[in-house]
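One structure is given here, and the rest of the page talks about it.
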Amino acid sequence: MIDKKTLRARMRATRERFVLEAHPGIAVPPAFLDRLEHGLTVASYVPMGGEADPAPLARAAVEAGCEIVLPHVVDRATPLRFLAWDTEAALIAGPFGLHQPAHTAAERQPDIILTPLVAFDATLNRLGQGAGHYDRAFVAFPHAWRVGVAWGIQQVESLPADPWDVPLHAIATESDWITP
Ligand SMILES: Nc1nc2c(c(=O)[nH]1)N(C=O)[C@@H](CNc1ccc(C(=O)N[C@@H](CCC(=O)O)C(=O)O)cc1)CN2
Ligand SMILES: Nc1ncnc2c1ncn2[C@@H]1O[C@H](COP(=O)(O)OP(=O)(O)OP(=O)(O)O)[C@@H](O)[C@H]1O
(Lines give C-alpha, C1' and ligand atoms only; values in the text may rest on other atoms or scores of the structure.)
(Ligands and ions follow the chains in the order given, each with its own letter.)
Protein backbone atom coordinates (compact mmCIF):
# COMPACT_ATOMS: atom_id res chain seq x y z
CA MET A 1 0.00 0.00 0.00
CA ILE A 2 1.13 3.55 -0.71
CA ASP A 3 2.84 5.21 2.27
CA LYS A 4 1.27 8.13 4.17
CA LYS A 5 3.89 10.66 3.09
CA THR A 6 3.44 10.04 -0.65
CA LEU A 7 -0.33 9.98 -0.35
CA ARG A 8 -0.32 13.20 1.70
CA ALA A 9 1.64 15.05 -1.01
CA ARG A 10 -0.63 13.71 -3.77
CA MET A 11 -3.88 14.51 -1.95
CA ARG A 12 -2.77 18.01 -0.89
CA ALA A 13 -2.18 18.74 -4.58
CA THR A 14 -5.58 17.23 -5.53
CA ARG A 15 -7.28 19.42 -2.90
CA GLU A 16 -5.53 22.57 -4.10
CA ARG A 17 -6.52 21.88 -7.71
CA PHE A 18 -10.14 21.25 -6.69
CA VAL A 19 -10.60 24.64 -4.99
CA LEU A 20 -9.26 26.54 -8.01
CA GLU A 21 -12.41 25.51 -9.92
CA ALA A 22 -15.91 26.73 -9.04
CA HIS A 23 -17.28 24.39 -6.37
CA PRO A 24 -20.18 24.24 -3.91
CA GLY A 25 -19.64 24.69 -0.18
CA ILE A 26 -19.91 21.96 2.45
CA ALA A 27 -23.52 20.78 2.80
CA VAL A 28 -25.21 20.91 6.22
CA PRO A 29 -27.12 17.62 6.61
CA PRO A 30 -30.13 17.05 8.93
CA ALA A 31 -28.11 14.48 10.93
CA PHE A 32 -25.67 17.25 11.88
CA LEU A 33 -28.40 19.75 12.79
CA ASP A 34 -30.15 17.10 14.94
CA ARG A 35 -27.10 16.75 17.11
CA LEU A 36 -26.69 20.47 17.88
CA GLU A 37 -27.85 21.75 21.27
CA HIS A 38 -27.67 25.07 23.05
CA GLY A 39 -24.51 25.23 25.16
CA LEU A 40 -22.44 22.64 23.27
CA THR A 41 -18.85 23.49 22.40
CA VAL A 42 -18.02 22.95 18.74
CA ALA A 43 -14.41 22.99 17.52
CA SER A 44 -14.12 24.46 14.03
CA TYR A 45 -10.97 25.48 12.11
CA VAL A 46 -9.75 28.19 9.75
CA PRO A 47 -9.18 26.47 6.39
CA MET A 48 -5.88 26.70 4.54
CA GLY A 49 -4.29 25.19 1.44
CA GLY A 50 -7.42 23.91 -0.30
CA GLU A 51 -9.07 22.49 2.82
CA ALA A 52 -12.87 22.35 2.87
CA ASP A 53 -14.31 25.38 4.68
CA PRO A 54 -16.35 24.22 7.71
CA ALA A 55 -18.10 27.64 7.94
CA PRO A 56 -21.59 26.35 6.94
CA LEU A 57 -21.44 23.80 9.78
CA ALA A 58 -20.01 26.33 12.26
CA ARG A 59 -22.71 28.85 11.31
CA ALA A 60 -25.44 26.27 11.95
CA ALA A 61 -23.83 25.55 15.33
CA VAL A 62 -23.84 29.24 16.26
CA GLU A 63 -27.50 29.51 15.24
CA ALA A 64 -28.26 26.55 17.54
CA GLY A 65 -26.56 28.34 20.47
CA CYS A 66 -23.25 26.45 20.46
CA GLU A 67 -19.91 28.02 21.35
CA ILE A 68 -17.23 27.88 18.64
CA VAL A 69 -13.63 27.14 19.58
CA LEU A 70 -10.53 26.85 17.38
CA PRO A 71 -7.41 24.69 17.53
CA HIS A 72 -4.18 26.31 18.72
CA VAL A 73 -0.76 24.74 18.12
CA VAL A 74 2.76 25.89 18.95
CA ASP A 75 4.83 23.18 17.20
CA ARG A 76 4.62 19.58 15.93
CA ALA A 77 5.42 17.99 19.29
CA THR A 78 3.07 19.91 21.59
CA PRO A 79 -0.56 18.73 21.79
CA LEU A 80 -3.10 21.13 20.32
CA ARG A 81 -5.44 23.02 22.64
CA PHE A 82 -8.94 24.19 21.77
CA LEU A 83 -9.34 27.89 22.62
CA ALA A 84 -12.42 30.12 22.76
CA TRP A 85 -12.96 32.17 19.61
CA ASP A 86 -13.58 35.78 20.55
CA THR A 87 -15.06 37.01 17.27
CA GLU A 88 -14.18 40.60 18.27
CA ALA A 89 -10.48 39.74 18.56
CA ALA A 90 -8.24 39.24 15.53
CA LEU A 91 -6.78 35.82 14.87
CA ILE A 92 -3.01 35.61 15.12
CA ALA A 93 -0.58 34.12 12.59
CA GLY A 94 0.80 30.85 13.97
CA PRO A 95 3.15 28.09 12.80
CA PHE A 96 2.50 26.25 9.48
CA GLY A 97 0.67 29.32 8.09
CA LEU A 98 -2.21 28.87 10.56
CA HIS A 99 -4.51 31.57 11.90
CA GLN A 100 -5.35 30.98 15.54
CA PRO A 101 -6.74 32.65 18.68
CA ALA A 102 -4.20 34.29 21.00
CA HIS A 103 -2.53 31.70 23.25
CA THR A 104 -4.12 33.44 26.24
CA ALA A 105 -7.71 32.74 25.09
CA ALA A 106 -9.75 30.50 27.41
CA GLU A 107 -9.22 26.75 26.94
CA ARG A 108 -12.35 24.63 26.30
CA GLN A 109 -13.32 20.97 26.04
CA PRO A 110 -15.06 20.31 22.70
CA ASP A 111 -18.27 18.25 22.41
CA ILE A 112 -18.02 18.16 18.61
CA ILE A 113 -14.74 18.33 16.67
CA LEU A 114 -14.98 19.49 13.05
CA THR A 115 -11.82 17.93 11.71
CA PRO A 116 -9.77 19.03 8.68
CA LEU A 117 -8.20 16.21 6.72
CA VAL A 118 -6.02 15.45 3.73
CA ALA A 119 -7.69 12.15 2.74
CA PHE A 120 -10.26 9.66 4.04
CA ASP A 121 -11.58 6.21 3.16
CA ALA A 122 -14.97 4.46 3.36
CA THR A 123 -14.21 3.14 6.87
CA LEU A 124 -13.80 6.82 7.94
CA ASN A 125 -10.11 6.54 8.61
CA ARG A 126 -8.40 9.86 8.01
CA LEU A 127 -5.02 11.10 6.90
CA GLY A 128 -4.03 14.44 8.42
CA GLN A 129 -1.02 16.74 8.35
CA GLY A 130 1.22 14.12 9.92
CA ALA A 131 1.96 15.75 13.27
CA GLY A 132 -0.67 13.68 15.11
CA HIS A 133 -2.37 16.79 16.51
CA TYR A 134 -5.91 15.53 15.92
CA ASP A 135 -5.00 11.89 16.65
CA ARG A 136 -3.91 13.01 20.11
CA ALA A 137 -6.90 15.35 20.56
CA PHE A 138 -9.24 12.41 19.86
CA VAL A 139 -7.55 10.48 22.70
CA ALA A 140 -7.75 13.52 25.00
CA PHE A 141 -11.48 14.03 24.23
CA PRO A 142 -12.81 10.48 23.73
CA HIS A 143 -16.45 11.56 24.17
CA ALA A 144 -16.36 14.23 21.47
CA TRP A 145 -18.25 13.62 18.22
CA ARG A 146 -15.60 13.45 15.47
CA VAL A 147 -16.91 14.97 12.24
CA GLY A 148 -14.52 15.13 9.30
CA VAL A 149 -14.97 17.95 6.78
CA ALA A 150 -13.65 17.30 3.28
CA TRP A 151 -14.24 17.51 -0.45
CA GLY A 152 -15.58 14.32 -2.03
CA ILE A 153 -12.44 14.05 -4.20
CA GLN A 154 -10.41 13.46 -1.02
CA GLN A 155 -11.86 9.95 -0.66
CA VAL A 156 -9.39 7.16 -1.44
CA GLU A 157 -9.84 3.38 -1.76
CA SER A 158 -8.10 2.65 1.54
CA LEU A 159 -5.62 4.28 3.89
CA PRO A 160 -2.63 2.76 5.67
CA ALA A 161 -3.88 2.54 9.29
CA ASP A 162 -1.52 2.92 12.23
CA PRO A 163 -2.43 1.66 15.71
CA TRP A 164 -3.03 5.21 16.97
CA ASP A 165 -5.42 6.19 14.16
CA VAL A 166 -8.88 6.96 15.59
CA PRO A 167 -11.66 6.78 12.95
CA LEU A 168 -14.17 9.58 12.46
CA HIS A 169 -17.88 9.20 13.31
CA ALA A 170 -19.03 10.95 10.12
CA ILE A 171 -17.74 13.07 7.24
CA ALA A 172 -19.48 16.07 5.69
CA THR A 173 -18.66 16.81 2.06
CA GLU A 174 -20.14 19.22 -0.50
CA SER A 175 -22.68 16.55 -1.50
CA ASP A 176 -22.76 13.78 1.12
CA TRP A 177 -22.94 12.88 4.80
CA ILE A 178 -20.82 9.76 5.07
CA THR A 179 -21.21 7.36 8.00
CA PRO A 180 -19.70 3.89 8.43
N1 LIG B 1 -6.84 24.55 9.07
C2 LIG B 1 -6.22 23.69 9.85
N3 LIG B 1 -5.94 24.01 11.10
C4 LIG B 1 -5.29 23.12 11.89
C5 LIG B 1 -4.87 21.86 11.41
C6 LIG B 1 -5.19 21.55 10.05
O7 LIG B 1 -4.90 20.47 9.52
N8 LIG B 1 -5.85 22.48 9.32
N9 LIG B 1 -4.19 21.00 12.23
C10 LIG B 1 -4.05 19.63 11.99
O11 LIG B 1 -3.35 18.92 12.64
C12 LIG B 1 -3.53 21.56 13.42
C13 LIG B 1 -2.24 22.20 12.98
N14 LIG B 1 -1.26 21.21 12.68
C15 LIG B 1 -0.45 21.19 11.57
C16 LIG B 1 0.60 20.32 11.59
C17 LIG B 1 1.45 20.24 10.53
C18 LIG B 1 1.26 21.03 9.41
C19 LIG B 1 2.21 20.92 8.26
O20 LIG B 1 3.12 20.12 8.31
N21 LIG B 1 2.05 21.68 7.17
C22 LIG B 1 2.88 21.57 6.01
C23 LIG B 1 2.29 22.24 4.78
C24 LIG B 1 0.99 21.69 4.42
C25 LIG B 1 0.60 21.92 2.97
O26 LIG B 1 1.44 21.96 2.09
O27 LIG B 1 -0.64 22.03 2.76
C28 LIG B 1 4.21 22.23 6.25
O29 LIG B 1 4.25 23.23 7.00
O30 LIG B 1 5.18 21.73 5.70
C31 LIG B 1 0.18 21.90 9.38
C32 LIG B 1 -0.67 21.98 10.47
C33 LIG B 1 -4.47 22.54 14.07
N34 LIG B 1 -5.00 23.49 13.15
N1 LIG C 1 -2.19 9.21 20.77
C2 LIG C 1 -0.96 9.59 20.43
N3 LIG C 1 -0.01 9.87 21.35
C4 LIG C 1 1.23 10.24 20.99
N5 LIG C 1 1.62 10.39 19.72
C6 LIG C 1 0.74 10.14 18.74
C7 LIG C 1 -0.60 9.73 19.05
N8 LIG C 1 -1.25 9.57 17.89
C9 LIG C 1 -0.38 9.86 16.90
N10 LIG C 1 0.82 10.19 17.40
C11 LIG C 1 2.02 10.54 16.62
O12 LIG C 1 1.69 11.47 15.60
C13 LIG C 1 2.48 11.23 14.43
C14 LIG C 1 1.67 11.43 13.17
O15 LIG C 1 0.76 10.40 12.93
P16 LIG C 1 0.04 10.24 11.52
O17 LIG C 1 1.03 10.21 10.40
O18 LIG C 1 -0.91 9.09 11.65
O19 LIG C 1 -0.75 11.61 11.42
P20 LIG C 1 -2.00 11.97 10.59
O21 LIG C 1 -2.79 10.76 10.18
O22 LIG C 1 -1.57 12.83 9.48
O23 LIG C 1 -2.94 12.72 11.61
P24 LIG C 1 -2.99 14.18 12.24
O25 LIG C 1 -3.95 14.96 11.46
O26 LIG C 1 -3.54 13.87 13.59
O27 LIG C 1 -1.65 14.78 12.19
C28 LIG C 1 3.06 9.86 14.57
O29 LIG C 1 4.47 10.03 14.67
C30 LIG C 1 2.51 9.32 15.88
O31 LIG C 1 3.50 8.67 16.63
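Output the number of the condition that GLY97 fails; it satisfies all remaining conditions of (1) on the phi > 0 side of the Ramachandran plot; (2) at pLDDT below 95. Of everything listed in (1) on the phi > 0 side of the Ramachandran plot; (2) at pLDDT below 95, GLY97 misses just condition (2). Of everything in the range 1-43 that is aliphatic (A, V, I, L, M), within 16 Å of ligand 2 (Cβ to nearest atom) and not in a helix (DSSP H, G or I), the residue that is farthest from PRO54 (Cα to Cα) is MET1.
Take the range 44-55 and flag every residue that is hydrophobic (A, V, I, L, M, F, W, C) and either within 7 Å of ligand 1 (Cβ to nearest atom) or in a loop (DSSP other than H, G, I, E, B) (or both). Break it down stepwise before answering.
Step one: of the range 44-55, the residues hydrophobic (A, V, I, L, M, F, W, C) are 46, 48, 52, 55.
Those that are hydrophobic (A, V, I, L, M, F, W, C) and either within 7 Å of ligand 1 (Cβ to nearest atom) or in a loop (DSSP other than H, G, I, E, B) (or both): VAL46, MET48, ALA52.
Checked against the criteria, ARG108 does not count as touching a His at 6+ places or on another chain (Cβ under 9 Å) and either among the basic types (Lys, Arg) or at pLDDT 95 or above (or both).
Output the residues belonging to the range 138-171 that are part of a helix (DSSP H, G or I) and out of contact with any Phe, Trp or Tyr (no Cβ under 7 Å at 6 or more places or on another chain). Let's see the steps before the verdict.
First pass over the range 138-171, keeping only residues part of a helix (DSSP H, G or I): 138-140, 152-154.
Correct list: PHE138, VAL139, ALA140, GLY152.
Mind listing just one residue for me: the one in the range 105-137 that is in a helix (DSSP H, G or I) and more than 8 Å from ligand 1 (Cβ to nearest atom) and, of those, surrounded by the most Cβ atoms within 10 Å (Cβ to Cβ)? I'd like the intermediate steps shown before the answer.
Of the residues in the range 105-137, the ones in a helix (DSSP H, G or I) are 133-137.
Retained after the next criterion (residues that are more than 8 Å from ligand 1 (Cβ to nearest atom)): 135-137.
On the way: ASP135: 15, ARG136: 15, ALA137: 21.
Checking each candidate, the answer is ALA137.
Among residues of the range 153-171 that are more than 16 Å from ligand 1 (Cβ to nearest atom), those with a Cβ under 6 angstrom from a residue that is modelled with pLDDT under 90, sequence gap 6+ or separate chain, pair up as PRO160/MET1. Residues that are more than 15 Å from the chain's Cα centre (by Cα) and farther than 17 Å from ASP176 by Cα within the range 8-34 comprise ARG8, ALA9, ARG10, MET11, ALA13, THR14, GLU16, ARG17, VAL19, LEU20, GLU21, ALA22, listed in sequence order.
The values are calculated or read from the model by the stated rules, or taken from the named source; none is laboratory data. As the structure is a computational prediction, the values presented were derived from the model and not from experiment. Heads up, the Cβs are rebuilt from the backbone with ideal geometry, glycines too, and the neighbour counts pull from every protein chain shown.
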